[in-house]
């Protein structure tokens, strides 16, 4: 939920045009009240989410959850979707 809320707040001030993207990020960090905090919460929240995700996968491997093929395959598909979403968020101009 925090990722969605911080992401929505950031999109209110972010411009994806290739010539103004960096200046919009600088605007968020410098001029928007607590914009630096929202941006850092969004970035660090994504990192924390992936830490939890990898711990969840490690727990599944440790307890042998991969033996339940259907559940494991759904988890792999969800993991790939999360990785694609994170990649798109990371490469925004």
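No value in this document is a laboratory result; all are computed from the given coordinates. Model, not experiment: these values are computed from the prediction.
Computed values, structure above
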{"item": "Matching label, Kirkwood radius over Cα pairs in Å computed from the structure shown, candidates (1) 15.2; (2) 20.0; (3) 13.3", "result": "(1)"}
{"item": "Helix 2-13 vs. the chain, principal-axis angle (Cα, 0 to 90°, nearest 10)", "result": "30 degrees"}
{"item": "Between 0 and 90°, nearest 10: helix 21-30 axis offset from the chain longest Cα axis", "result": "80 degrees"}
{"item": "Angle between the chain longest axis and helix 69-90 axis [Cα atoms, degrees, rounded to 10]", "result": "20 degrees"}
{"item": "Computed helical MRE - 222 nm, the chain, DSSP H runs ≥ 4 contributing -39500 (n - 2.57), nearest 500", "result": "-26500 deg cm²/dmol"}
{"item": "Length gained when the stretch residue 33-residue 47 is fully extended (0.36 nm per residue, less Cα-Cα span)", "result": "2.7 nm"}
